[in-house]
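Each remark here refers to the structure printed beneath this line.
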Amino acid sequence: MSLLEVRDLSVTFTRSGQQPVRAVDGVTFDVAAGQSVGIVGESGSGKSVTSLAVMGLLPARGAHLGGTVTLDGNELTSMDQRALRDVRGRDVAMIFQDPMTSLNPVVTVGRQLTEVLTRHAGLRRGEAKAEAEQLLRRVGIPDPVRRLGEYPHQLSGGMRQRVMIAIAIACRPKLLIADEPTTALDVTIQAQILDLLRNLVAESGCGMIMITHDLGVVAGLCDTVHVMYSGRIVESAGTKELFGRPSHPYTDGLLQSIPRIDADPADLLHTIPGSARDTVPWDRGCAFQPRCERAVDECLAGPPPVAELGTPIVPHPVRCVRPVGEDVIVHEGNVAR
Amino acid sequence: MLRFIVRRLALLVPILLGLSVLLFAWVRALPGGPAYALLGERATPEAVAAIESQLGLDRPLWEQYLQFLGRAVRLDFGASLQTGQPVIEEMLRRFPATIELALAALLIAVCVGIPLGYLAARRYGTWIDSLAVTGSLLGVTIPIFFLAYILKYVFAVELGWLPTAGRSDPRARADHPTGFYVLDGIITGNLDASWDAIQHLILPALALSSIPLAVIVRITRASVLNVVNEDYVRTAEAKGLLPGTITWRHVLKNAMLPVTTVIGLQLGVLLAGAVLTETVFAFAGVGKFMADGIVQRDFPTIQGFILVIAVVYVVINMIVDLVYGLLDPRVRVS
Amino acid sequence: MSVNEVVAGEPGGPAPAATESVSSRPPRSLGREAVRRLFRNPMAIVGMVLISLFVLVAIFAPLIAPYSPTDNSWLDQVRPGQYPGPSAEHWLGIDPLGRDVFSRIIYGARQSLLIGVVSLALGATAGIALGVLAGAFGGWVDTVVMRFVDIMLSVPGLLFAIAVAAMLGQSLTSVMIAIAVVNVPIFARLLRGEMLGQRGADYVLAARSLGISRSAIVFRHVLPNSFTPVLVQGTLTLALAIVEAAGLAFLGLSGSDPSAPEWGRMLTDAQETLTSAPMLAVYPGLAIVLAALGFTLVGESLREALDPKFRR
């Protein structure tokens, strides 16, 4: 049994007077303890909604949840808010994209840290403060005593994200969810934050979900990668396997559009034509079809089948009729090899 | 902090100077000129001539302005045409009544407005929200004195629950060392007098509180609506904090920042509104004195009142800024 | 600073530090989407109905009112402390001076609309001119204008109006000017904020890089783009003008003709007979509230429709 088991997760947003929108559809994946799992996709692909659903943070009104999320044997999707509040911050913790807006501007860094400790770890003020100091030191913030009394705006962007990380790891959660943790940061800081996260996961043995649009972030950090498109996982594989043999045309396109230092400057950068808004509902065909260079008629012949390109031990499922590097058209019958 | 205060005080100087120029121009522009304004319309030509030379109206304009400024700084606005007493003395005697009334109105506005605005925001789109929004729109469109009439008629005349006018029961005996009647009762151990003063305060304070109440409800609602969608509130939820902690430390602490500013600004509105409310309830404060002054064209009183209210208003705004600085660490540093 | 601005959702005062951090960006343009949302908002519909009613009554007052507002032929029906209530001939009864209350209320709409529109036109024009001046030239012009605006805002709006009206003497013109003066700093600040906000906007930079003159940019681009915030503020200002005019009338600062039908004055006069004939206060009071509410509802819904934050 894995630490986190997400089974057939779906999220539908309903707004009065508008068509319901299915933001996440049939998402299934596992996270084992000590494992880092990347979820990659463009904005609107449903990756952030997936993470919020795991946290139980979707708005009560207007968001409809399907499927199950099980953490360490406890099913989170059926828990009431009171029970969920005990889990959040203690067993699962989250790091958000923009540390500037994610920290309360009028509360000191120290208080924002200690409030998790007093809430979940049962520490008293004084104990929590000492612990907070340790935490800041652990995430690499110099002069932690002074920093505890400061407000978020007095810290640099990288510092703020370190504070966010300190808050997240404060109660030694089993699962850490990082939602684009480096997107709002300077490039030079990004690598430091990623290093920090890698070390923390290695030290504590917790599981981590890394939500990102940047395959480069995944490359150095994650063991397994799920690529999402339009609410569904379109390809899953071990990181090396995925980079070595990208099989969904979308994954392939993402990889090719990363600029390479050794490329001929005269070559044009590869781009994926169209935008994520040019889409097809999954029940009628492949949502990526309108943008796909490998599209064939079969792509619109109903929901695309999942082709298993890996082995039972090292799986590599791809939701595609005509995976990259394969010459056959995948049918329901010839899915597994 | 001290530098902040000094800088804010320095900003006051040009505003007050500008205001004094405006008031000086205003007095000059009064029908019949300043002499008539000071003496009243029935002034004899001799008296006018005397006061004109006394005021130095024959001297250059800038000299006259400096003289005006000198008197204004000493709070010398001349004698009230209503009573013949110095305006400043008349005002000082009546100020406690108005301050008491304004504070009571503000208390109502804050104590009702903030919870109501918060509730409306948390129940956004429900009937509670609609009611709060409609009520607050009504609150700013209803003329204060019309509301005062209604309250007076319903609760004082028809139901007889509360007194119709005045600050205290004329038959009761009470000492007034400070002029704040509620406080006086407590100081002198005469709690009946305090209770009597409170009863006299309720209706005028309710009428006066309508605009600040409406404004506070709306600002609180808008501000809370803004804050609950902030990322840091989501962070607080992701931390699994208890709802009470999220409400107080993460939502209200931020949402109250704009509300503080508005509360301060409402004090000025209250002082101006007192002119109307006090008149309806024959409440013997500066507002009533000013209203009578307008009717009787008592220009020294009008002039003094406006200058004093403006100074009070500007000073309150400065205090609000300082409080804002205390509450918002971002302002404090920059 | 007066109530007007707070209602407009831009809290702030002579304190620039606090102002900047709490004011929200005013809406940009009146798109089709905004119009659609406006017409789906019941608040806006009620407001528009109230405004239409108010304007129609004001325009067609002579056709609607059964009698002249100054006709006191029914004085013989009035006894001290006893004023005939509603009847078939006099829908709202007769006032202590023997006049038909319904006709006076109908004609009163004219006066209110006139005061509101004229004071808004005067105040908005002067304010917009000052704001554009400050925003377009910046530097010391901006400093001088904004200091002036701060000074005007340092006196609560109603007091300012009182001072001006008292100075100008009793007349309808002085009431309108007094209310207009209160509006000047509000519009000046609004426009200056618009100018500053748009100065850095991409289209203005583009226009400047094309060598288009400053005045052309102001008149062809910035002003049209400021139209909607001005419209919102204008609607709200009209409401407050009506209420402020009533307040001035209560203090004896109204038109020079005491028999002219004016809601504020009718309401003021009703104080004398409050215990014996409270309805004489209710009619004009209600008229003022409904007219002001109409403009407020439309103004507020307009702002909400234009504000992306409130999209439902």
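The values are calculated or read from the model by the stated rules, or taken from the named source; none is laboratory data. Everything quoted here is computed from the prediction, not taken from an experiment. No Cβ is skipped: glycine too gets one built from the backbone with ideal geometry, and neighbour counts run over all protein chains shown.
See the values below:
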{"item": "Residues of the range B:228-242 satisfying the condition of being part of a helix (DSSP H, G or I) and under 18 Å from B:Ala120 (Cβ atoms)", "result": "B:Val228, B:Val233"}
{"item": "Considering residues of the range C:129-138 that are surrounded by fewer than 20 Cβ atoms within 10 Å (Cβ to Cβ) and of a type in the set (Gly, Ala, Ser) only, the residue farthest from the other protein chains (Cβ to nearest Cβ)", "result": "C:Ala136"}
{"item": "Wholly enclosed helices (runs of 4 or more DSSP H) of the range C:157-211 bearing at least 3 residues more than 22 Å from C:Ile128 (Cα to Cα) and in contact (Cβ under 8 Å) with a residue 12 or more places away in the chain", "result": "C:157-168"}
{"item": "In the range C:252-265, residue farthest from the other protein chains (Cβ to nearest Cβ) [restricted to those that are within 20 Å of C:Ala239 (Cβ to Cβ) and of a type in the set (A, V, I, L, M, F, W, C)]", "result": "C:Trp263"}
{"item": "The range A:314-329, residues that are at pLDDT 85 or above, among the β-branched types (Val, Ile, Thr) and out of contact with any helix residue (DSSP H, G or I) (no Cβ under 6 Å at 6 or more places or on another chain)", "result": "A:Val314, A:Val318"}
{"item": "Filter pass, B:Thr235 being crowded, with 20+ Cβ neighbours inside 10 Å, touching a residue at least 24 places away in the same chain (Cβ under 8 Å) and over 19 Å from the mean Cα position of the chain (by Cα)", "result": "no"}
{"item": "Residue check for B:Val112: over 29 Å from B:Ile198 (Cβ atoms) and either surrounded by 21 or more Cβ atoms within 10 Å (Cβ to Cβ) or in the same structural domain as B:Gly139 (by TED's automatic domain parsing) (or both)", "result": "no"}
{"item": "Residue that is among the hydrophobic types (A, V, I, L, M, F, W, C) and surrounded by fewer than 22 Cβ atoms within 10 Å (Cβ to Cβ), where the choices are A:Met55, A:Met100, A:Met94", "result": "A:Met100"}
{"item": "Subset of the range B:213-249 (residues that are touching a Ser or Thr at 6+ places or on another chain (Cβ under 7 Å) and away from chain A (no Cβ under 13 Å))", "result": "B:Ala214, B:Val217, B:Arg218"}
{"item": "Residue within the range A:146-159 that is buried (at least 19 other Cβ atoms within 10 Å of the Cβ), assigned to a helix (DSSP H, G or I), in contact with a Lys or Arg (Cβ under 9 Å, 6 or more places away or on another chain) and charged (D, E, K, R) present", "result": "no"}
{"item": "Sole residue being surrounded by fewer than 24 Cβ atoms within 10 Å (Cβ to Cβ), touching a helix residue (DSSP H, G or I) at 6+ places or on another chain (Cβ under 8 Å) and more than 10 Å from chain B (Cβ to nearest Cβ), chosen from C:Val101, C:Val141", "result": "C:Val141"}
{"item": "Helices (runs of 4 or more DSSP H) lying entirely in the range A:51-132 (those with 1 or more residues that are of a type in the set (Ser, Thr, Tyr))", "result": "A:99-102, A:109-120"}
{"item": "Residue that is surrounded by the fewest Cβ atoms within 10 Å (Cβ to Cβ), among those in the range A:161-176 that are of a type outside the set (Gly, Ala, Ser) and assigned to a loop (DSSP other than H, G, I, E, B)", "result": "A:Arg172"}
{"item": "Qualifying residue in the range C:127-147 (condition: at pLDDT below 80, in a helix (DSSP H, G or I) and at negative phi)", "result": "yes"}
{"item": "Selection within the range C:274-285 - over 17 Å from C:Val57 (Cβ atoms), buried (at least 18 other Cβ atoms within 10 Å of the Cβ) and touching a residue at least 24 places away in the same chain (Cβ under 8 Å)", "result": "C:Ala277, C:Leu280"}
{"item": "Unique match (being under 25 Å from the mean Cα position of the chain (by Cα), at pLDDT 85 or above and of a type outside the set (Asp, Glu)) among B:Gly117, B:Gly166", "result": "B:Gly117"}
{"item": "Entirely in the range B:270-333, the helices (runs of 4 or more DSSP H) that have 1 or more residues that are over 30 Å from B:Val6 (Cβ atoms), more than 8 Å from chain C (Cβ to nearest Cβ) and touching a residue at least 60 places away in the same chain (Cβ under 8 Å)", "result": "B:286-295, B:299-327"}
{"item": "Helices (runs of 4 or more DSSP H) (entirely within the range A:183-291) containing at least 2 residues that are modelled with pLDDT under 90", "result": "A:187-204, A:215-221, A:249-256"}
{"item": "Filtered residues of the range B:60-81 (kept if farther than 28 Å from B:Val295 by Cβ, in contact (Cβ under 8 Å) with a residue 24 or more places away in the chain and of a type in the set (Phe, Trp, Tyr))", "result": "B:Tyr65"}
{"item": "Matching residues, the range A:177-222, being surrounded by 18 or more Cβ atoms within 10 Å (Cβ to Cβ) and among the charged types (D, E, K, R)", "result": "A:Asp179, A:Glu180"}
{"item": "Any hit, the range C:115-122, residues being farther than 14 Å from C:Ala245 by Cα and aliphatic (A, V, I, L, M)", "result": "yes"}
{"item": "Those residues of the range C:281-297 which are β-branched (Val, Ile, Thr) and modelled with pLDDT of 90 or more, in sequence order", "result": "C:Ile288, C:Val289, C:Thr296"}
{"item": "Positions within the range B:150-164 being surrounded by 15 or more Cβ atoms within 10 Å (Cβ to Cβ) and either more than 9 Å from chain C (Cβ to nearest Cβ) or within 20 Å of B:Thr98 (Cβ to Cβ) (or both), in sequence order", "result": "B:Leu151, B:Lys152, B:Phe155, B:Ala156, B:Leu162, B:Pro163, B:Thr164"}
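Table: residues versus (1) within 11 Å of another protein chain (Cβ to nearest Cβ); (2) closer than 18 Å to B:Ile294 by Cα; (3) over 17 Å from the mean Cα position of the chain (by Cα).
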position	(1), (2), (3)
C:Asp150	yes, no, yes
C:Val155	yes, yes, yes
C:Ala161	yes, yes, no
C:Leu168	yes, yes, yes
C:Met176	no, yes, no
C:Pro185	no, no, no
C:Ala188	no, no, no
C:Leu191	no, no, yes
C:Met195	no, no, yes
